[in-house]
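Engineer: The structure under discussion is supplied below as structure tokens; questions concerning it will follow.
The values are calculated or read from the model by the stated rules, or taken from the named source; none is laboratory data. A quick note: this is a predicted structure, and the numbers were derived from the prediction, not measured. Here the Cβ positions follow ideal geometry from the backbone for every residue, glycine too, while neighbour counts run over all protein chains shown.
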Amino acid sequence: MGQPQDPRGNLVRPYAVTRGRTEPRRDIPIEAILVASQAALQEARFAGHDKYRIAVLCEAKPQSLAELSAFTRQPLGVARVLVADMVADGLLSLHSAAPKKGFTERMDLLERVLSGLRKL
Amino acid sequence: MDFASSERAGAQPREITSAKIVIAGGFGVGKTTLVGAVSEIEPLTTEALMTSAGQGVDDASKVPGKETTTVAMDFGRITMADDLILYLFGTPGQTRFWFMWDELIRGAVGAAVLVDTRRIADAFAPLDYFENRHLPYIVALNCFDGAPRYEPDEVREALAIPPHVPLVMCDARHRESVKAVLVQVVEHAMATLVAEQSGGYPAVVG
């Protein structure tokens with residue numbers, strides 16, 4: 001974490017992984033969950049090293065975008081571009097982050113989180 | 001919302017929901033310690049590069065030759081059920097990285113602002129931030145060993161914390177204490193939601 005690096009190298013190198021693209025195909029929240037099926041994992045073998053690693057992680061256990069960024073040591077923006085591509089290509093399924101609308105839906109989620117915390 | 005892509009990847013029996021709580025506060029106030037006290041994994045770090053999108057927000061332009069800045073955020077995870085995962089995100093220590101805070105609070109359940117009574121002024125910027133955002137938050141005083149002990153009312157007055165914002169004491173190293181902080185955040189979020197629903201202003205909680 002936070003080791004000093006050449007700032008210019010920092011800017012160029014990470015986005016080489018995405019072939020220079022900095023805009024994801026869709027926005028993905030930092031806590032959104034991604035899952036890969038076994039079939040998707042097989043398919044991801046042909047998607048390149050970086051995407052395959054992400055698929056392996058998401059097949060073993062559901063992972064958030066934040067975890068994928070941390071485990072692959074890719075900056076968040078880079079991981080987001082890769083993950084958005086993989087969702088678009090059907091290699092990952094994107095699960096919903098917390099509902100933002102609807103009193104009942106939001107309250108249900110809060111109640112579940114509360115009881116989960118109490119059980120810790 | 002994202003069912004179409006889920007179906008394509010197939011074989012997943014149900015939708016997994018994730019929720020997040022944001023832990024804010026000044027540098028060195030114990031955010032990562034707090035996250036680590038309840039997380040099922042060692043806190044992880046994700047880094048964001050501040051590129052042109054962040055310029056004008058940060059003052060990196062004033063530092064000659066420095067074109068990008070790395071902003072690190074520590075986070076933890078609590079798997080509550082097969083279909084429910086809670087994430088705890090610590091905000092970047094440097095409060096000038098507001099753009100990253102905006103991303104972190106988007107869709108969050110709520111937040112706790114951690115305060116060190118030895119450096120109470122460090123809490124002003126985070127508190128201002130949340131006061132101007134539509135996100136329920138509480139204030140948690142991290143009781144460091146040897147730190148001056150204040151009455152909660154003294155701290156509330158010193159930091160001008162509004163009466164409807166709960167204020168609790170905690171020890172960021174202790175699991176039970178951190179659990180109590182998180183329970184407060186969620187209860188306050190519920191009270192805020194109920195108050196919104198009935199058209200009123202959030203009542204005093206706790």
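Engineer: I'd like the full set of residues that are in contact with a Pro (Cβ under 8 Å, 6 or more places away or on another chain) and more than 7 Å from every other protein chain (Cβ to nearest Cβ), limited to segment A:86-120.
Structural biologist: A:GLU105
Engineer: Cβ-Cβ under 8 Å, sequence separation 6+ or interchain: first residue in segment A:30-51 and away from chain B (no Cβ under 11 Å), partner assigned to a loop (DSSP other than H, G, I, E, B) and not aliphatic (A, V, I, L, M). Which pairs?
Structural biologist: A:ALA47/A:ASP89; A:ASP50/A:THR72; A:ASP50/A:GLN74
Yes/no matrix, rows are residues, columns are (1) at pLDDT below 95; (2) within 10 Å of the chain's Cα centre (by Cα); (3) buried (at least 24 other Cβ atoms within 10 Å of the Cβ); (4) in a helix (DSSP H, G or I):
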{"position": "A:ILE54", "(1), (2), (3), (4)": "no, yes, yes, yes"}
{"position": "A:CYS58", "(1), (2), (3), (4)": "no, yes, yes, yes"}
{"position": "A:ALA79", "(1), (2), (3), (4)": "no, yes, yes, yes"}
{"position": "A:ASP85", "(1), (2), (3), (4)": "no, no, no, yes"}
{"position": "A:LEU91", "(1), (2), (3), (4)": "no, no, yes, no"}
{"position": "A:THR104", "(1), (2), (3), (4)": "yes, no, no, yes"}
{"position": "A:LEU114", "(1), (2), (3), (4)": "no, no, no, yes"}
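Engineer: Any idea which of (1) among the hydroxyl-bearing types (Ser, Thr, Tyr); (2) closer than 16 Å to A:ALA88 by Cα; (3) at pLDDT 95 or above is the one A:SER64 doesn't satisfy?
Structural biologist: A:SER64 satisfies every listed condition except (2).
Engineer: Here's a follow-up. Where in segment B:104-206 are there helices (runs of 4 or more DSSP H), lying fully within it, with 1 or more residues that are within 14 Å of chain A (Cβ to nearest Cβ)?
Structural biologist: B:175-197
Engineer: Look at B:ASP74 and say whether it is acidic (Asp, Glu), buried (at least 23 other Cβ atoms within 10 Å of the Cβ) and within 11 Å of another protein chain (Cβ to nearest Cβ).
Structural biologist: The answer is yes for B:ASP74.
Engineer: How many of the residues making up segment B:104-152 are closer than 21 Å to B:VAL185 by Cβ and free of Cβ contacts under 8 Å to residues at least 24 places away in the same chain?
Structural biologist: 5
Engineer: Take segment B:170-187 and flag every residue that is surrounded by 24 or more Cβ atoms within 10 Å (Cβ to Cβ) and closer than 14 Å to A:VAL113 by Cβ.
Structural biologist: B:VAL181, B:LEU182, B:VAL185, B:VAL186
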